[in-house]
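Engineer: Below is one structure. I have some questions about it.
What follows draws every value from the coordinates through simple rules; no lab data is involved. Since the structure is predicted, the reported quantities are computational estimates derived from the model, not experimental observations. Note that each Cβ is placed from the backbone with ideal geometry, even for glycine, and that neighbours are counted across all protein chains shown.
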Amino acid sequence: MIRKSFLPLFISIFFLFSLFFAHPASAHQQSLASSKITFENKKMHISLLIDQKSILEINGFDIEKTQSLDESQLSAQIRDKSFDYIKSGFHVKNNGQEMPAELDSVSIPDLANVEFDLTYTSDELIDKIDFDYNIFFENSNGMHKNVATIENGDKTDEFVFTNSNRHLAMEAGVELSFWSTLGQFVVMGVEHILTGYDHLAFLLTLIILGGTFKNILKIVTSFTVAHSVTLILSAMNIVALPTRLIESLVAVTILYVALENQFIKNTNYRWVLTGFFGLVHGFAFAGALAETQVPKNHFLEALLTFNIGVEIGQLLVVIVLLPIILYIRRFRWNVWVVRGLSGSVALFGLIWFVQRAFEWNILPFLAV
């Protein structure tokens, strides 16, 4: 039988290996792109903005050693290889006929992205169009997304290409329904919370102490309301804070709550602290939403549905964890489970803070 004094160590080791094997690359696996698509008689212009990590991967760069590309690194070889990859998987047809692609230019508009300006040409006027988008999914475990804005005559449409939504059929001048796209933003919100191991760790440390159902409900509600407020304020550019600062503060909130779990006994007022920390996490959610290049034409709808997705993901986590936590509370060794898991989370919170605040890559598999 395992002695109680060793139980926290075993729990910590188990939690460590769980995080290690959960995802070898980062706390948030993101492969993001945006497209601006315009029609002109027999031509279609597509401006494809893709994150640099995805470009580095298809060109065989060492991601750990290469922080970002610059104009000198964007050699003809990289441009040609990237273009060959894009045109082999991003096909456009007009009235059933393949439209050949040409590369107009490649640029680096900022430190995080590479922009490809493409022209697809047809022998006929643009009419019935089929897009087949099959790029960048294989290197992102199917998590890649491309938010496309389509200037369709005097209308502006949006569509999100995802692993399960790779084809778009439309007609020039006929408006697309935005309801299906809103559903994609719900999915993106759910995926963000379920693949954000720092946010999951924070939720775990918040509810692992248990308490009454009323207290847990107040904690979860406080976190929800708080991060919803800052998500909206930040996404609408009413309040703006540096990403590095926010990500570092998220790590601090995890570290603090995990350490507090070692001695706190009364959780009746924890919802107040949770609300304050929820404001910080809301800014982080807004940063994730900004990376998806939210369509301006339906900005508010996309913002609200993304937040709904975050809440659904959060609720799923609580529904799964809460029965387990309530069951464990029946046993005397519950306190060792709380201390062991909280100690593990505190260690990760400290590592995340150091890596984010000082950019010291202590453990590559925990890089964020």
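Engineer: So if I take the centroid of the Cα atoms in the range 205-268 and the same for the range 100-177, what is the distance between those two points in Å?
Structural biologist: Cα centres, the range 205-268 to the range 100-177: 37 Å.
Engineer: Could I have the simple spin-label model distance between Asn334 and Leu315, label points 7 Å from Cα toward Cβ, reported in nm to one decimal?
Structural biologist: Between Asn334 and Leu315, the label points sit 2.6 nm apart.
Engineer: Classify the range 96-147: rounded, prolate or oblate, from the alpha-carbon gyration tensor (a ≥ b ≥ c, eigenvalue square roots; a/c under 1.5 rounded; otherwise prolate if a/b is larger than b/c)?
Structural biologist: On the way: a/c = 2.92, a/b = 1.42, b/c = 2.06.
Oblate, since a/c reaches 1.5 and b/c is not below a/b.
Engineer: Going by C-beta contacts inside 10 Å, put His227, His91, His192 in order with the fewest on the left.
Structural biologist: Ascending Cβ contact count within 10 Å gives the list His91, His192, His227.
Engineer: To continue, here is another question. How far apart, in nm, are the 7 Å Cα→Cβ label points at Asn266 and Phe61?
Structural biologist: Calculated label separation equals 5.5 nm.
Engineer: Show log10 I(q)/I(0) for the range 151-238 at q = 0.16, 0.18, 0.26 Å⁻¹, two decimals, from a solvent-free Debye sum over equal Cα scatterers.
Structural biologist: The Cα Debye sum returns log10 ratios of -0.86, -0.97, -1.29.
Engineer: With 10 angstrom as the radius, rank Trp271, Trp333, Trp352 by how many other C-beta atoms surround their C-beta, starting from the fewest.
Structural biologist: Trp333, Trp271, Trp352
Engineer: Moving on. What is the extension gain from Val229 to Thr119, computed as 0.36 nm multiplied by their sequence separation minus the C-alpha to C-alpha distance, in nm to one decimal?
Structural biologist: Working: separation 110, 0.36 × 110 = 39.60 nm, distance 4.11 nm.
Extra length available between Val229 and Thr119 comes to 35.5 nm.
Engineer: Under 11 Å from a point placed 7 Å out from the Cα of Phe276 along the Cα-to-Cβ direction: which residues of the range 214-244 have their backbone N that close?
Structural biologist: It comes to no residues whatsoever.
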